[in-house]
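Notes for the one structure printed next.
The values are calculated or read from the model by the stated rules, or taken from the named source; none is laboratory data. Predicted, not measured: the structure shown is a model, and the values here were computed from it. Cβ placement follows ideal geometry from the backbone for every residue including glycine, while neighbour counts extend to all protein chains displayed. What goes into the accessible areas is simple: the full protein's heavy atoms, side chains included, and nothing from ligands, DNA or RNA. Shrake-Rupley method; radii C 1.70, N 1.55, O 1.52, S 1.80 Å.
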Amino acid sequence: MTSDEVLNLFRSSGALLEGHFKLSSGLHSGGYLQCALVLQHPAHAGKLGQALGAQLRALGATKVLSPALGGLIIGHEVGRELGLPAIFAERVDGKLTLRRGFSLNAADRVVVIEDVATAAGATVVGAGSIIDRSGGNPNLSVPFTALVTLSLPTYEAQACPMCAAGSPVTKPGSRT
């Protein structure tokens with residue numbers, strides 16, 4: 001898939017938002033990507049997972065790991081494309097944890113889909129996402145692949161030009 005094709009899926013799903021947003025990190029931004037609105041369509045999720053999995057295939061992963069809830073659907077679709085188990089971590093007391101009988105060991109080569117910080121002793125061989133909003137600077141220590149790279153500037157609240165202009169801020173997403 002080309003970047004334009006991916007962004008067209010976001011636009012047609014109402015998932016590429018413009019305004020004044022407070023992100024999960026606490027930073028403010030004029031753009032927000034609500035992947036759930038794209039991934040609610042199984043055909044879209046399948047296409048995105050196929051494209052992302054194809055870009056990650058050469059890493060030789062043995063499992064796909066993603067955080068619940070946001071990365072679960074795309075992680076599953078990447079696993080389908082790669083023919084690998086797709087497991088997920090859940091927040092327990094604010095920390096991402098493997099539950100439900102999922103496990104990783106030192107022999108596992110994991111590709112992380114979205115932003116999981118640890119992989120429970122396995123070797124992380126790469127990471128991937130549908131959108132890289134860092135402008136191509138994800139600051140990771142493993143190979144990183146995204147279907148689209150966007151530069152969506154973020155600001156500390158006290159330095160936010162939208163706040164300075166009196167624009168009301170919206171908190172999208174699922175985390176408070």
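Points worth noting:
- Gyration tensor verdict on segment 89-158 (Cα atoms; rounded if a/c is under 1.5, prolate if a/b is larger than b/c, oblate otherwise): oblate
- Beta-bridge orientation, the chain: approximately 40 percent antiparallel, per DSSP, counting only bridges with both partners inside.
- Listed by chain and number, the lysines whose alpha-carbon sits under 23 Å from that of residue 47, ignoring those within fewer than 8 places in the same chain, are 63.
- Per-residue ellipticity at 222 nm, computed for the chain from helices alone with -39500 (n - 2.57) per DSSP H run of at least four residues, works out to -7000 deg cm²/dmol.
- For the chain, the solvent-accessible area with a 1.4 angstrom probe is 53 square angstrom per residue.
- Legend note: in the chain, cysteines whose Cβ sits 4.7 Å or more from every other cysteine Cβ are 35.
- Where 32, 155 fall by accessible area, highest first, once all protein chains stay in place (1.4 Å): 155, 32
- Three-way shape label, segment 33-126, alpha-carbon gyration tensor, a/c 1.5: oblate
- Within the assembled protein chains, the solvent-accessible surface assigned to residue 95 is about 140 Å², based on a 1.4 Å probe.
- Only alpha carbons enter this Debye calculation for the chain, each as an equal point scatterer, and the log10 of I(q)/I(0) it gives at q = 0.15, 0.18 Å⁻¹ is -0.88, -1.20.
- Shape call, segment 23-85: gyration tensor on alpha carbons, a/c limit 1.5: prolate
- Integer Hz, Karplus 6.51/-1.76/1.60 couplings in order for segment 5-17, x for Gly and Pro: 5, 5, 5, 5, 4, 5, 5, 5, 8, x, 9, 9, 9
- Counting only Cβ charges, +1 for Lys and Arg and -1 for Asp and Glu, the dipole size of the chain around its Cα centre is about 340 debye.
- Spatially proximal aspartates and glutamates relative to residue 22 (Cα-Cα < 20 Å; intrachain offsets below 8 disregarded): 114, 115, 132, 156
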